[in-house]
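Worksheet: the structure to be examined is printed underneath.
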């Protein structure tokens, strides 16, 4: 069984694009948090990747540790 990364790489190799508006691709983002993030103006993975950690944490009502994890994951997705 292929892992998530291998599946994503296979999709991108076939020319399919990642849905950057699906924030639930980040492991710490569930549907309710996704709605909160989008309400704050974070509509894409790119928005999360280049967010300010403190602003993201405060607005999303998560710890800075979780905000950093979201940013790190988002950066990996957009830079892979």
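Normalising by the residue count of region 19-79, find the relative contact order in percent from Cα pairs under 8 Å and 6+ residues apart.
Details: 62 pairs, mean separation 22.5, N = 61.
So the answer I get is 37 percent.
Rounded to the nearest 0.05, what FRET efficiency do residue 43 and residue 65 give with R0 = 41 Å and r taken as the Cβ-Cβ distance? Could you check?
Working: r = 23 Å, r/R0 = 0.57.
Efficiency, from the Cβ-Cβ distance: 0.95.
Values in this text are rule-based calculations from the coordinates and carry no lab data. This structure is a prediction, so every number in the text was calculated from the model and none was measured. Note that each Cβ is placed from the backbone with ideal geometry, even for glycine, and that neighbours are counted across all protein chains shown.
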